[in-house]
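J.: One structure is given below, represented as structure tokens, and several questions about it will come after.
The values are calculated or read from the model by the stated rules, or taken from the named source; none is laboratory data. These numbers were taken from a predicted model, which means no experiment stands behind them. Backbone-built Cβ (ideal geometry, glycine too); neighbour counts: all protein chains shown. Each accessible area value is taken on the protein alone, full model and side chains, heavy atoms only, with ligands, DNA and RNA left out. Shrake-Rupley method; radii C 1.70, N 1.55, O 1.52, S 1.80 Å.
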Amino acid sequence: MSKDRKHLQEARKVLLEGIGVPEPAPFTPDSFQLSAIDSVERGEDTLVIAPTGTGKTFIAVEGIRRAIESKKRAIYTAPLKALSNTK
């Protein structure tokens, strides 16, 4: 094994040391999620703009769930085909 490759492997080991799987914890929605869901439930037009991975899909799923429970209809649109195929 070359010296550079061995150095790279050692650097990678140091970088990744201590990274593991987080302890399981119950899901707790953020206040912006609860606020958006409440807004949807009140029948208000609601627009949520937030970065990727911050919980926008949770808002949509919860809003749809509540609409269905209330015997209403819901429409879900997504700009990405990959995201809409998973929903």
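J.: If S39 satisfies every condition in (1) surrounded by 10 or more Cβ atoms within 10 Å (Cβ to Cβ); (2) over 14 Å from the mean Cα position of the chain (by Cα); (3) part of a loop (DSSP other than H, G, I, E, B) but one, which is the exception?
T.: (3)
J.: Report yes if A11 is open to solvent by less than 70 Å² (accessible area, probe 1.4 Å) and either farther than 22 Å from A78 by Cβ or of a type in the set (D, E, K, R) (or both), otherwise no.
T.: It is true that A11 is open to solvent by less than 70 Å² (accessible area, probe 1.4 Å) and either farther than 22 Å from A78 by Cβ or of a type in the set (D, E, K, R) (or both).
J.: Taking the stretch 4-36, which residues are part of a loop (DSSP other than H, G, I, E, B), among the acidic types (D, E) and over 15 Å from the mean Cα position of the chain (by Cα)?
T.: E17, E23
J.: Would you confirm whether or not the stretch 23-31 contains a residue that is surrounded by 10 or more Cβ atoms within 10 Å (Cβ to Cβ) and of a type in the set (S, T, N, Q)?
T.: no
J.: Taking the stretch 55-68 only, how many residues are touching a residue at least 24 places away in the same chain (Cβ under 8 Å), open to solvent by 50 Å² or more (accessible area, probe 1.4 Å) and out of contact with any Pro (no Cβ under 9 Å at 6 or more places or on another chain)?
T.: Here the count works out to 2.
J.: A further question on this structure: Quick check, is K87 charged (D, E, K, R), within 23 Å of F27 (Cα to Cα), modelled with pLDDT under 85 and surrounded by 10 or more Cβ atoms within 10 Å (Cβ to Cβ)?
T.: Yes, satisfied.
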